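Participant: Mind looking over this structure? Questions follow.
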Amino acid sequence: MQTIYRTEDLALLCTRLAKQEFVAVDLEFIREKTYYPVLCLIQVASVDEVAIIDPIAPDINLAAFWELMQNPKVVKVFHSCRQDVEIVYNLSGKIPAPLFDTQVAAMVCGFGESVGYERLVKSILNVELDKTECLSNWQLRPLNEKQIEYACGDVTHLVRLYDYFKEQLQNSGRNEWIKEEMAIMSDIKTYVVEPNEAWQRIRFRSHNNRVLSNLKALAAWRECRAQEKNTPRQSIIKDDILVMIATASPKDKSELEKIRGVRSDVASGKLGNEILEVLSNVQIDRKLKKNGEIENINFIPALVEMLKLLLRIVSQKQGVVARMIATETDLQKLGAFQDKDIPALCGWRNEIFGKQALKLRDGRLSVRYNPKNRNIEFLENDI
């Protein structure tokens, strides 16, 4: 193991790693006080070596590392890669390619939803990880021996996990599945947060057009403010309070202050003025536009429940997490007969679920339990 503090040493390391079939990569970062993550440490490993790169060392330039991340001959292996890839993209302007995510591979191979690295290492490699350093402040220097040992473990075991999942995917014939998933993770759109789409990250239940219009506008305002100030969006207004404001639709500061969770200084200050201005503009837009900008998904609840049952059956049969096959929105769109731009109707998802979902919805498929063999059976219907 070596720790890299200088540009020259990093260049030599990346030259060696560029000759490998794959490299395992992990990043340590903090983002508690910022909108954009602050990169604090880079860990890389191959079958031959492991290294720690200090990105905040005064005498280092990361250009060689960014070049390695773009080398088409070297697979970049991450576990739960989304945030790490986001950091690489923010700092270098490019997505690492080609990608392989062991968390996604684990879901495809039947290990459950969003399975953690620690659990995979234990169940596959029979190794207990010491997680006492997982909450370390990685910005502080110098790093101690326990921190370095912990950081190395995040990539040394990842090398072996990659070999394991490559074999599993090959044996199960699901290599194309993982390729489709990695295509999504390699799409820049996955990492660029458009303010007008920020509302989709917020959990809420209402399908009321007025509430949705308010929430979309408020979420876009908050996202722009967070990006401009480089501060966490939740530090401006928390999600649950944003939803309550969108629902209440206050018209003045006194109404805004009455909403639970909204402090009086917020309601009477600059934030309050901005919130009321956003809501006022929404009301003007709604008057000008008869149909509004937000699609109201008028699905049939009972049909959606039937689709959920089908999804659960398929998920258990295939050994794949249900959410990975189809989302709640996918099912609602199917239940509303709005079949455009539904991921569940594309690629491998369509083969194992989408085609059957359409048949079930259109009355061409029945589901029954056979007590003789204790199996769920699908029956094709002639209509």
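The values are calculated or read from the model by the stated rules, or taken from the named source; none is laboratory data. Predicted model only: the values in this text are computed from it and were never measured. Glycine gets a Cβ as well: all are built from the backbone with ideal geometry, and neighbour counts include every protein chain shown.
Participant: Taking the residues in the stretch 162-181 that are in a helix (DSSP H, G or I) and either of a type in the set (D, E, K, R) or outside the structural domain of VAL77 (by TED's automatic domain parsing) (or both) as candidates, determine which candidate is nearest to PRO98 (Cα to Cα).
Facilitator: Looking at the filtered set, the residue picked out is LYS179.
Participant: Which residue out of ASP9, ASP48, ASP54, ASP26 is acidic (Asp, Glu) and in contact with a helix residue (DSSP H, G or I) (Cβ under 6 Å, 6 or more places away or on another chain)?
Facilitator: ASP26
Participant: Take ASP84 and tell me if it is under 30 Å from VAL321 (Cα atoms), in contact (Cβ under 8 Å) with a residue 12 or more places away in the chain and either out of contact with any Pro (no Cβ under 7 Å at 6 or more places or on another chain) or of a type in the set (Ser, Thr, Tyr) (or both).
Facilitator: Considered against the rule, which asks whether it is under 30 Å from VAL321 (Cα atoms), in contact (Cβ under 8 Å) with a residue 12 or more places away in the chain and either out of contact with any Pro (no Cβ under 7 Å at 6 or more places or on another chain) or of a type in the set (Ser, Thr, Tyr) (or both), ASP84 comes out as yes.
Participant: Looking at the structure I just gave you, is LEU39 touching a Leu at 6+ places or on another chain (Cβ under 8 Å) and part of a helix (DSSP H, G or I)?
Facilitator: Considered against the rule, which asks whether it is touching a Leu at 6+ places or on another chain (Cβ under 8 Å) and part of a helix (DSSP H, G or I), LEU39 comes out as no.
Participant: Sticking with this structure for a sec: When the residues of the stretch 197-245 are narrowed to those that are among the small types (Gly, Ala, Ser) and under 24 Å from ASP330 (Cα atoms), which ends up surrounded by the most Cβ atoms within 10 Å (Cβ to Cβ)?
Facilitator: For the stretch 197-245, the residue satisfying everything is ALA219.
Participant: What's the total number of residues in the stretch 128-156 that are farther than 15 Å from ILE52 by Cβ and not charged (D, E, K, R)?
Facilitator: So in the stretch 128-156, the residues farther than 15 Å from ILE52 by Cβ come out as 128-132, 134-135, 137.
Narrowing further to those that are not charged (D, E, K, R): 129, 132, 134-135, 137.
Selection size over the stretch 128-156: 5.
Participant: Consider ASP9 carefully, then state whether it is among the charged types (D, E, K, R), surrounded by fewer than 19 Cβ atoms within 10 Å (Cβ to Cβ) and assigned to a helix (DSSP H, G or I).
Facilitator: yes
Participant: Based on this model, can you work out whether ILE30 counts as surrounded by 15 or more Cβ atoms within 10 Å (Cβ to Cβ), within 21 Å of ASN90 (Cα to Cα) and of a type in the set (Val, Ile, Thr)?
Facilitator: The answer is no for ILE30.
Participant: Still on this structure, I have one more. How about the stretch 75-106: which of its residues are crowded, with 23+ Cβ neighbours inside 10 Å, in a helix (DSSP H, G or I) and over 12 Å from the mean Cα position of the chain (by Cα)?
Facilitator: Once the filter is applied, which keeps residues that are crowded, with 23+ Cβ neighbours inside 10 Å, in a helix (DSSP H, G or I) and over 12 Å from the mean Cα position of the chain (by Cα), the stretch 75-106 yields VAL88, THR102, ALA105, ALA106.
Participant: Condition (residue is at pLDDT below 95, assigned by TED's automatic domain parsing to the domain that holds THR102 and either at positive phi or basic (Lys, Arg) (or both)) applied to the stretch 255-262: is it met by at least one residue?
Facilitator: Looking through the stretch 255-262, none of the residues is at pLDDT below 95, assigned by TED's automatic domain parsing to the domain that holds THR102 and either at positive phi or basic (Lys, Arg) (or both).
Participant: Hey, among the residues in the stretch 107-129 that are in contact (Cβ under 8 Å) with a residue 60 or more places away in the chain and buried (at least 20 other Cβ atoms within 10 Å of the Cβ), which one's farthest from ILE184 (Cα to Cα)?
Facilitator: By that ranking, first place goes to CYS109.
Participant: Here are the criteria: (1) under 21 Å from the mean Cα position of the chain (by Cα); (2) surrounded by 11 or more Cβ atoms within 10 Å (Cβ to Cβ); (3) closer than 30 Å to LYS33 by Cβ. Tell me which single one GLU194 does not satisfy.
Facilitator: (2)
Participant: Which numbered condition trips up LYS166, out of (1) closer than 30 Å to THR329 by Cβ; (2) surrounded by 11 or more Cβ atoms within 10 Å (Cβ to Cβ); (3) of a type in the set (Lys, Arg)?
Facilitator: With respect to (1) closer than 30 Å to THR329 by Cβ; (2) surrounded by 11 or more Cβ atoms within 10 Å (Cβ to Cβ); (3) of a type in the set (Lys, Arg), LYS166 is out only on (1).
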